[in-house]
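Below is one structure, written out as C-alpha cells, with a few remarks after it.
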Amino acid sequence: MADPLLWNAPGQTWNAPGLTWNGFVPPPPNTPHVMTDDNKVSATLTTANTTAIKDGIAAIRTLLPFLISLSNQDRMEMAKLGDK
C-alpha cells in the first residue's frame, strides 16, 4: 500500500494534480506496475461450454417472452424515487 500523503511530503505542493485530501503519495512517474502473484482464479471456457451458455440464454428468452428492454427515452420518462 502507498504511503499516506502528509502536509510536508517532499516534492508535493498543495495544488499538485492527482492529490486528494487524506490521499496517498502517488508513485513516481514511469514506475512499472507490478501485478501480484496471488491469482486465485484460473478458469477457461471451452467452446462446448460457450455454446451451452448461449443456448441457455436463448432458451430463457424463448420461455420469458414478456421481458422487454427499455429505451433510453423510456427510462428518462419513468418516475424515479429520490430526494427531488
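Taking θ as phi - 60° and the Karplus parameters 6.51, -1.76 and 1.60, the scalar couplings of segment 72-79 work out to 4, 5, 4, 5, 5, 7, 6, 5 Hz in sequence order, x denoting glycine and proline.
Each residue of segment 34-49 was assigned a 3J(HN,Hα) from its phi angle through the Karplus expression (A = 6.51, B = -1.76, C = 1.60, θ = phi - 60°), giving 9, 7, 6, 9, 9, 5, 9, 10, 9, 9, 9, 10, 7, 5, 5, 5 Hz with x at Gly and Pro. Projected label points at S42 and L81, each 7 Å from Cα along the beta carbon direction, are separated by 4.5 nanometres. Taking all protein chains together and rolling a 1.4 Å probe, I53 ends up with roughly 90 Å² accessible.
Model label sites at T51 and L19, defined 7 Å from Cα along the beta-carbon direction, differ in position by 6.0 nm.
Stretch S69-M35 to full length: gain in nm at 0.36 nm per residue minus the Cα-Cα span?
Working: separation 34, 0.36 × 34 = 12.24 nm, distance 3.91 nm.
This chain segment gains 8.3 nm when fully extended.
The values are calculated or read from the model by the stated rules, or taken from the named source; none is laboratory data. All figures in this text were calculated on a predicted structure; none of them were measured in a lab. Backbone-built Cβ (ideal geometry, glycine too); neighbour counts: all protein chains shown. SASA here: full protein model, heavy atoms, side chains in, ligands and nucleic acids out. Shrake-Rupley method; radii C 1.70, N 1.55, O 1.52, S 1.80 Å.
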